[in-house]
Amino acid sequence: MTNYREIVTKAVVGKAKKSSTNVFSFSPEEIPNTILGCWVINNSFNGTNNNGVVDVSGSYDVNVWYSYDNDTKTAVSTKRFSYLDKITVPIKNGNLLDNTNEIIVRSLKQPTVSKADIKGNDIELTIEKEMGVEIVGNTKVKISVEDIEDDYEEVLDEELSNEIDSINEDYLENE
């Protein structure tokens with residue numbers, strides 16, 4: 001006979017990813033002539049529930065290496081930028097995102113500078129990234145359980161069995 005049991009466990013109940021592009025500009029101390037390199041570091045972020053939508057808020061530092069003074073000198077300028085991405089995560093089984101769910105955010109593609117331009121005295125940066133969100137919540141798993149009897153058969157060691165068979169049951173009566 002087969003019975004069914006429900007196991008309540010935590011599992012990923014929703015998953016989504018979002019690519020985004022942000023454009024930032026800033027003014028370095030000197031007037032830049034040429035951009036020699038750009039890189040993004042210190043990307044930090046977290047996700048929070050905002051009425052069923054996950055708000056991924058974070059920030060990163062952008063280092064821009066540029067030349068100035070008619071390309072005779074170089075400098076590196078560092079600027080911290082903040083971002084906010086709203087990600088709608090579909091939840092399985094029609095459940096809703098609530099405060100009991102755990103939100104896990106991952107950077108699927110690290111922020112990178114895809115374009116850097118000089119606009120007057122400012123540097124304009126286009127930064128691309130991809131974030132992934134997983135929602136962990138309670139879910140039920142139904143499994144089939146077969147009834148198995150727990151009766152054990154007694155098995156005697158063969159040598160012990162031979163000794164038991166050789167015992168004289170009338171030993172005490174003969175004396």
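Quick notes on this one:
- 222 nm mean residue ellipticity, helices alone, for the chain (DSSP H n ≥ 4; -39,500 (n - 2.57); rounded to 500): -1000 deg cm²/dmol
- Debye, to nearest 20: dipole size of the chain, +1 on Lys, Arg Cβ, -1 on Asp, Glu Cβ: 3600
- Annotation note: GluC sites (Glu not before Pro) in the stretch 89-168 located in DSSP loop regions with a Cβ neighbour count of at most 12 within 10 Å are E149, E153, E154.
- Ranked for footprinting exposure by Cβ neighbours inside 10 Å, fewest first, L160, L97 give L160, L97.
- Amide H to amide H distances under 5 Å link L108 with E130, M131, G132, where only residues 5 or more positions off or on other chains count and H is placed in the peptide plane.
- Which of V8, V62, L160, positive extreme of dipole for the chain (C-beta unit charges): V62
- Counting only Cα atoms, the chain measures 124, 41, 20 Å along its principal axes, largest extent leading.
- Label point distance in nm, N162-T21, each placed 7 Å from Cα along Cα→Cβ: 8.8
Just so you know, all these numbers are worked out from the coordinates, no wet-lab data involved. Predicted model only: the values in this text are computed from it and were never measured. As a convention, Cβ positions derive from the backbone with ideal geometry for all residues, glycine included, and neighbour counts pool all protein chains shown.
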